[in-house]
Amino acid sequence: MTSLPTYEQLVQLPATFDRVVPEEFIDENGHMNIGDYFRLCSHALWNATIAAGLGDDYIEEHQQSLFTVEQHMRYYGELRLGQRFTVHTRLLERSARVVHGMSFVVDQEKRALACTQEATLVHVSTASRSTVDLPEAIGEALDTQITAGDALGWSAPVCGSMGIRRRQV
């Protein structure tokens with residue numbers, strides 16, 4: 001794993017969510033429940049793919065979508081009732097059929113990373129349930145987001161065991 005990005009680096013990414021921890025997110029340990037971190041991070045990554053053209057209209061028209069095949073979460077701090085947090089997303093890489101991205105939950109009060117969720121998504125035909133190549137225009141839109149993230153000049157703290165698998169020739 002690479003070193004963790006600083007608060008200043010994380011907030012370079014646009015915030016998908018800017019919220020305050022509500023009562024319904026609090027679990028028996030008195031902090032935000034893992035299910036809520038998971039849901040928010042997953043939706044933030046989904047929103048990044050929607051921005052690339054993979055929204056509901058695309059799914060309906062093309063009978064293709066992205067399916068999550070692997071995820072990894074890490075917690076670096078806790079969020080408690082009433083604390084403000086933001087969720088940011090960065091697409092890291094892609095192949096013809098696979099997208100690798102990461103969401104970051106940032107504790108705005110402590111100005112620190114609270115959680116990361118790394119995910120690998122595959123492009124699938126919803127009719128055949130098999131993987132298919134991404135359309136060129138969608139790939140280009142994803143590449144634009146990947147390039148913008150790379151231009152920030154810091155490495156995402158990936159787990160190192162997931163991502164785009166390259167074929168050996």
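Tell me the residue from R90, R80 that is at pLDDT 95 or above, open to solvent by 10 Å² or more (accessible area, probe 1.4 Å), basic (K, R) and in a strand (DSSP E or B), please.
Result: R90 is the single residue among R90, R80 that is at pLDDT 95 or above, open to solvent by 10 Å² or more (accessible area, probe 1.4 Å), basic (K, R) and in a strand (DSSP E or B).
Take the residues in segment 30-58 that are in contact (Cβ under 8 Å) with a residue 12 or more places away in the chain and over 18 Å from the mean Cα position of the chain (by Cα), then tell me which one is farthest from T126 (Cα to Cα).
Selected residue: G30.
Quick one: G53 ticks every box in (1) crowded, with 22+ Cβ neighbours inside 10 Å; (2) at positive phi; (3) not acidic (D, E) bar one, so which box is it?
If we test G53 against (1) crowded, with 22+ Cβ neighbours inside 10 Å; (2) at positive phi; (3) not acidic (D, E), just (1) comes out false.
Restricting attention to segment 103-147, and to residues there that are farther than 23 Å from H72 by Cα and touching a Ser or Thr at 6+ places or on another chain (Cβ under 6 Å), which single residue is surrounded by the most Cβ atoms within 10 Å (Cβ to Cβ)?
Restricting to residues being farther than 23 Å from H72 by Cα and touching a Ser or Thr at 6+ places or on another chain (Cβ under 6 Å), the top hit is V132.
Scan segment 115-123 and give yes if some residue there is more than 17 Å from F38 (Cα to Cα) and touching a residue at least 60 places away in the same chain (Cβ under 8 Å), otherwise no.
No: segment 115-123 contains no residue that is more than 17 Å from F38 (Cα to Cα) and touching a residue at least 60 places away in the same chain (Cβ under 8 Å).
The values are calculated or read from the model by the stated rules, or taken from the named source; none is laboratory data. Please read these numbers as outputs of a predicted model, since none were measured by experiment. Cβ sites come from the backbone with ideal geometry, for glycine too, and all protein chains shown count toward neighbours. To get the accessible areas, we keep the full protein, side chains included, count just its heavy atoms, and leave off ligands, DNA and RNA. Shrake-Rupley method; radii C 1.70, N 1.55, O 1.52, S 1.80 Å.
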